[in-house]
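Just below is one structure, and these are the notes that go with it.
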Amino acid sequence: MSNNLLGIDLGTTGLKVSLLTETGQLIGAEYAEYPISSPQPGYAEQDPATWWDGFVIACQDIKAKYPEAFEEIAGLGLCGQMHTQVYLDHEKQILRPAITWMDQRASDIVEQINAEDEARELVFAETHNFASTTYTAPQVKWVQDHQPEVWRKVAHILVAKDYLKFKLTGRMVTDYAEASGTLLFDVAKESWSEQMFDLFGISRSMFPEVLPSDEIIGRITRQAAQVTGLKAGTPVVNGSSDNSAAALGAGMIEAGQVTLIIGTAGVITVCSDQPLVDPQHRTLCWHYCLRDKWVTLGVMQTAGESLNWFKNAFDREATLPSGDIFEQYNQAIVDIPDGSGGLVFLPYLNGERTPYWDSAARGLFYGVNLTTAKAHFIKAVMEGVSFGLRNNIETVESLGISINQVRAVGGGLKSPVWLDILGKVLQKPVVTVSVADTANLGNILLCGQALGIYPSLEEAVARMVTTDKRVHYETSPAVYERQYAIFLELYEQLKGTFKRSANFIHTQKINN
């Protein structure tokens, strides 16, 4: 009997379920999209029921197409979007839409914490990080302050993929990497921080037990088996954050290795043997999905999502599938010169994280003129995201970490044009990983490790993870150096305007 493994990646805009052999060969995969709702500017919510519904349908479709392979599933591994939290009552029913990591509503709470020396220093001492709107705890505090009728009923709070695990096994558990994204976890001590729960006024009992990513935490219940088609009793492994799983699937297992992910967000991840903190509060220090390993991260709020926004804003009525639209974009910009005719894009469509942590920052096209065409805007989006990633890499390197090669993964890098732009802007060797779905490859690596299928994770990674394309420009074109300087200057010149605009909108909302 084969040991097939099922990987589940609960992303921001969709859920991908992949059935793989224990050697990492893809048997089949299904994808389910779900929307992000924004009832007010800066809000970003999702209905957790759509995650479960999408998973159920994906499982049923895979079983219908590959019945024999589906019957030989030995275990499940999961990863998911970080920070996004689900509120459950005592009956374990959903109380309100999940607040996602993109949501900016907790900005006033974050500003108050960061303005108070004692609170700011306590957060940094306990978590090795700093408060931002991305984290779970400030968002939970917002619900506590602004929705008391909901808060009175809250009994359990789970991060996105942990909710899916609960639906599968009936057990509530999280992992070190996901817990790092709550701002309630001591990443060095690998335990919840009672002082953080006290600071935010949250009961520790609302959050689940924390275990390593490569542990079996439960088995498929009869109820879950009936709706998904999975065998009751199939082991479910704890899993990790989507960023950690994707980095593992790209082969990051040793200190000093680096991955770059262009998904909805853009993430630079550097592996280390101990926590590396940033006293200037620009980068993140989280636990990795491997035991005794940590990661330093630089994070862009909207990387691949910037091009997705452009498509939705200007090509929503296109009759071709979205993949064909993006291929048309690649063809459209082939003859557009580097620098997009002087057009510079700031990709701050919903605030920005590293290095500014500015929830008020907004997107901008600078340099539009009478010769600017649609193709210039498309390439400028790719260039602007690449500039943002370079800013992230330079920030991480300022901590004393040398980055000599970047392993790049994510949907954005399916575009050879974007990969070439990235190589020119970064001026570092950029290699892509052969496997497109590194998150689910990381999921099954953790799953196989937990099940004892692999003699060692190092040997499994060496066998299953290979590189594909490589680009390297030792020097950047002069136009990119000039426009990168403009890119940095634009934010510095406009950050005050961003803040005033956000305050004006906030005042209007209160008055209305």
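The values are calculated or read from the model by the stated rules, or taken from the named source; none is laboratory data. Since the model is a prediction, treat every value here as computed from it, not as a measurement. Cβ: placed from backbone, ideal geometry, glycine included. Neighbour counts: every protein chain shown. For the accessible areas, the whole protein counts, side chains as well, though only heavy atoms, and no ligand, DNA or RNA atoms are used. Shrake-Rupley method; radii C 1.70, N 1.55, O 1.52, S 1.80 Å.
Things worth noting here:
- Taking the criterion of being more than 25 Å from Ser241 (Cα to Cα) and open to solvent by less than 40 Å² (accessible area, probe 1.4 Å), the residues of the range 110-139 that qualify are Ile113, Ala119.
- Residue in the range 49-64 that is basic (Lys, Arg) and touching a strand residue (DSSP E or B) at 6+ places or on another chain (Cβ under 7 Å) present: no
- One residue stands out in the range 221-244 among those that are of a type outside the set (Lys, Arg) and assigned to a loop (DSSP other than H, G, I, E, B): the one that is surrounded by the most Cβ atoms within 10 Å (Cβ to Cβ), namely Gly239.
- The test for being open to solvent by less than 80 Å² (accessible area, probe 1.4 Å), among the hydrophobic types (A, V, I, L, M, F, W, C), closer than 30 Å to Leu399 by Cα and not in a loop (DSSP other than H, G, I, E, B) holds for Cys285.
- Test: residue in the range 80-93 that is crowded, with 23+ Cβ neighbours inside 10 Å, aromatic (Phe, Trp, Tyr) and assigned to a strand (DSSP E or B): yes
- The set of residues from the range 487-512 being among the charged types (D, E, K, R) and surrounded by 13 or more Cβ atoms within 10 Å (Cβ to Cβ) comprises Lys495, Lys499.
- Of residues in the range 250-262 being open to solvent by 20 Å² or more (accessible area, probe 1.4 Å) and part of a loop (DSSP other than H, G, I, E, B), the one modelled with the highest pLDDT: Ile253
- Remark: pairs (first residue in the range 263-274, in contact (Cβ under 8 Å) with a residue 40 or more places away in the chain and in a loop (DSSP other than H, G, I, E, B); second residue basic (Lys, Arg) and open to solvent by less than 30 Å² (accessible area, probe 1.4 Å); Cβ separation under 9 Å; 6+ apart in sequence or on different chains) = Ala265/Arg353.
- Residue count for the range 19-44 under the criterion of being over 24 Å from Thr133 (Cα atoms) and open to solvent by less than 30 Å² (accessible area, probe 1.4 Å): the result is 5.
- Residue among Tyr454, Tyr484, Tyr480 that alone is under 24 Å from Thr395 (Cα atoms), open to solvent by less than 80 Å² (accessible area, probe 1.4 Å) and more than 26 Å from the chain's Cα centre (by Cα): Tyr480
- Condition check for Val465 on (1) crowded, with 22+ Cβ neighbours inside 10 Å; (2) modelled with pLDDT of 95 or more; (3) not polar (S, T, N, Q): one failure, at (2).
- Total residues in the range 395-423 satisfying the condition of being open to solvent by 10 Å² or more (accessible area, probe 1.4 Å), within 25 Å of Gln280 (Cβ to Cβ) and in contact with a helix residue (DSSP H, G or I) (Cβ under 9 Å, 6 or more places away or on another chain): the figure is 0.
- Selection within the range 17-55 - part of a loop (DSSP other than H, G, I, E, B), touching a residue at least 24 places away in the same chain (Cβ under 8 Å) and more than 30 Å from Arg463 (Cα to Cα): Ile36, Gln40, Pro41, Gly42, Tyr43, Ala44, Asp47
- Pick from the range 353-379, criterion under 11 Å from Lys495 (Cα atoms) and among the charged types (D, E, K, R), ranking: least open to solvent (accessible area, probe 1.4 Å): Asp358
- Across the range 61-82, the number of residues qualifying as closer than 13 Å to Ser240 by Cβ and either in contact with a Phe, Trp or Tyr (Cβ under 9 Å, 6 or more places away or on another chain) or β-branched (Val, Ile, Thr) (or both) comes to 3.
Residues are listed down the side, and each one gets a yes or a no for (1) modelled with pLDDT of 95 or more; (2) open to solvent by less than 50 Å² (accessible area, probe 1.4 Å):
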position	(1), (2)
Leu276	no, no
His281	no, yes
Gly304	no, yes
Ala318	no, yes
Gln331	no, no
Pro347	yes, yes
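- Across the range 187-224, the number of residues qualifying as within 27 Å of Leu451 (Cβ to Cβ) and charged (D, E, K, R) comes to 6.
- Condition met for Asp47 (over 25 Å from Thr134 (Cβ atoms) and open to solvent by 30 Å² or more (accessible area, probe 1.4 Å)): no
- On inspection, Gly341 fails the criterion of being open to solvent by less than 40 Å² (accessible area, probe 1.4 Å), at pLDDT 95 or above and over 22 Å from the mean Cα position of the chain (by Cα).
- Pairs where the first residue, in the range 138-162, is over 15 Å from Ala98 (Cβ atoms) and charged (D, E, K, R) and the second is open to solvent by less than 20 Å² (accessible area, probe 1.4 Å) and assigned to a loop (DSSP other than H, G, I, E, B), C-beta under 9 Å, 6+ apart: Lys141/Ala106; Lys141/Ile202
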